Each structure stands twice: as C-alpha cells, then as structure tokens.
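S.K.: Dumping the structure here so I can ask a few things about it.
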Amino acid sequence: MSFRRLRFTLALGFACGSAIAAPPKNFDSVFADDNVADIRVTIGYWDDNGKRPADTAHVSPYLRDKLFKMGFRSKSGLAEEYGVKPARFPWESLFHVFEKDIGGGRKVRVALISSSLGLNADPESAKQQAASDNARAFLIKGAQEAEIWMYTGHSREGGGPDTYPPVLLDNGYLNYAYYRKQKPGLKEIMDTFAEREEKPVLVGSMSCSSHRHFYGFLSRALADREPDTVLVLSGNTMQGYVPPNSVLAVIRTVVEGKSVGDLDKSLKACQEGAVKPGFAPYMEIFYPR
C-alpha cells in the first residue's frame, strides 16, 4: 500500500481487513504543556463551483450550537492571539472562541472562524476580502501553533485549503487548472507544518477527496513526528452535515478522553447512510508514511 491506514480490530481480536498493527492511541498529549487542548477550526469559502457566493452562514451557527450543548462557554478578547485583526471588518460575527472545563485541571478550547460573509455578500467587496484575509491569517497561525488543526471547505482540486472567493474562468466556472498548478492554499500550509518543531497531534481536512489531494503533502510535512500525527481525511466528495459533524466528532473525542479507535467509530457514525454503495467512505483516519 502507498499509505499507512489505521485498521482497527474487532472486539474478539480478529483483524478487520488486511491489518497493520497499530496500538490504540488517545489524545492526552494535547494537555501536556498547559492542560489546555488547543483546537482550531477554519470554515473555508464555500461556493457552488463558482456559480454563486458561498453559503456558509449555517455552518458556524450549527457548530456553535452543538458546542454550547456540549457544555462549552464563549470567551472574548482573544482575537489577536489567534491572528485575527479586530480593526478589520468584519470579525466579530465570524470569529468565536469556546472553552470547556473537563475536570482534573484540564480545559478544551476551540477557536472557530468563517471565511465568507454569506450568500448575499459581494465576493469582490473589500469587506469580503477582509474576512478572507482574517480567516487565512487564522488558518496559518493555527498551522504554526494548534495541537489540533481542522479545515472544512473546498479542496479546490488540491489548491486548497481556501478562504477566498474562487478564481473563475470566463464562463463563470471554477478555474481548476489554476488551482491544480498553483496550489495557492496548500503551499504555505505545508511549509508551515514542516517547519514546526512540535508537530500537531491531529490534522483534519473535512473537504472533498482530501486524502487524494493532500495526503502525500501532509505525509512529507509531518512524517518525523513521534508518535504519528493523526490525519483525518476524506476519500470522497462531501455532502450535507458530514463535514461539521466530523469536526464535532474530533472535539467530542478529546473532551471525553477517548481513543483514536473511538474517533474512528464516531466518524463512521457521522456518515451512516450518506455514503453511496461502491464509493469510498467520507472520513477516515490515516498516518503519515
């Protein structure tokens, strides 16, 4: 195989498929330095193949509502700590920080930012540019610092992660050739991961076919971490609420102190009934080569 995929054993001890021995892991290391798990989530600029502005207005409220129901509480005054510039409009409605005390002196902190002003916003406006710039700064700073880094949005055929309105052809459709060749979102992110002395504990790209687009780059950038960085990647196009529910599955696993094996089960539960027969599963767990 060209990649190392985590295979879990059944309760009776029999291997599921062609097994690669991998002991269960948890995420306790996210608390090692300061007892605070640092989780950062970027919602990219979503659009319908460039044909209309992004409609991500529902994603952030959905995640926020679920976090509140999990017992998280909002925190303020932390924008600049996360690379978000408060003086640049807009930021208050797009950037949020939540924290939950899970006992034993440990806390889980989730910072969340959206890239788009919404369905009716002009993608060429200065306000949208400011929103995209802020989300990009948050994305990069997260790649520098976060213990758990997640992105949900477009893969841009390997050109993502992307916080900006799409580059279009004259006919109004997405310029896939540009994204495949230039990879504007990918290059800086991978260089940033590679330069980190302490690699992230988990990297998740909840975006279409992210395993095909990003796995090789992530492997090269993160291969020297011990223990391995957990990679949560998609083998298929993403639909419905599978992406945000996958983000929540990661957060819930950390909050509840569960293992990587438990996360795998949660990810599968997120997509039950959503993956068509014969198609690759949406979200799976991988390790760098």
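Here, each number is a calculation from the coordinates, and none is a lab measurement. Note that the structure is predicted; figures quoted are calculated from it, not measured. Methodologically, a virtual Cβ is constructed for each residue, glycine included, from the backbone with ideal geometry; neighbour enumeration extends over all protein chains shown.
S.K.: Grab the Cα-Cα distance for Arg73 and Glu198, subtract it from 0.36 nm times how many residues apart they are, and report the gain in nm with one decimal.
M.R.: 42.2 nm
S.K.: Could you tell me the relative contact order of segment 20-287? Use alpha-carbon pairs under 8 Å, at least six residues apart, and round to a whole percent.
M.R.: Computed value for segment 20-287: 21 percent relative contact order.
S.K.: Once amide H atoms are placed 1.01 Å from N in the peptide plane, what residues at a sequence separation of 5 or more from Val230, or on another chain, have their amide H within under 5 Å of its amide H?
M.R.: Close amide H contacts, sequence-distant or interchain: Leu202, Val203.
S.K.: Grab every C-alpha pair in segment 20-287, bin the distances at 10 angstrom width from 0 up to the longest one, and report whole percents.
M.R.: Reading the bins upward from 0: 7, 31, 39, 19, 3, 0.
S.K.: Something else now. Mean 1/r over all different Cα pairs, inverted: what Kirkwood radius does segment 131-272 give, in Å?
M.R.: Taking the inverse mean of 1/r over all distinct Cα pairs, segment 131-272 comes out at 15.7 Å.
S.K.: Still on this structure: Which order, highest average first, do 111-123, 164-176 follow once you tally other Cβ atoms within 10 Å for each residue and take the mean per peptide?
M.R.: In decreasing order of mean packing, 111-123, 164-176 become 111-123, 164-176.
S.K.: Of the peptides 255-262, 98-105, how do they stack up when ordered by the mean number of other Cβ atoms within 10 Å, highest first?
M.R.: Most protected by this proxy first, the peptides run 255-262, 98-105.
S.K.: Something else: Based on the alpha-carbon gyration tensor of segment 224-289, what equivalent-ellipsoid semi-axes (square roots of 5 times the eigenvalues) come out, in whole Å, largest first?
M.R.: 21, 15, 9
S.K.: Let me ask something additional. Tell me, what is the percent relative contact order of segment 141-289, built from C-alpha pairs under 8 Å that lie six or more residues apart?
M.R.: 24 percent.
S.K.: Normalized C-alpha radius of gyration of segment 169-225, against 2.2 N^0.38 Å?
M.R.: Normalised Rg, Cα atoms only: 1.33.
S.K.: Spelling out what I want: for every residue of segment 223-235, take phi, set θ = phi - 60°, compute 6.51 cos²θ - 1.76 cosθ + 1.60 (Karplus), and round to whole Hz; glycine and proline get x.
M.R.: Working through the residues one at a time gives 5, 8, 7, 9, x, 4, 5, 7, 10, 10, 9, 9, x Hz.
S.K.: Give Lys187/Lys258; Lys141/Lys258; Lys107/Lys141; Lys25/Lys183; Lys85/Lys107 a once-over and call out the pairs whose C-alpha atoms are over 30 Å from each other.
M.R.: Violating the 30 Å limit, Cα to Cα: Lys187/Lys258; Lys25/Lys183.
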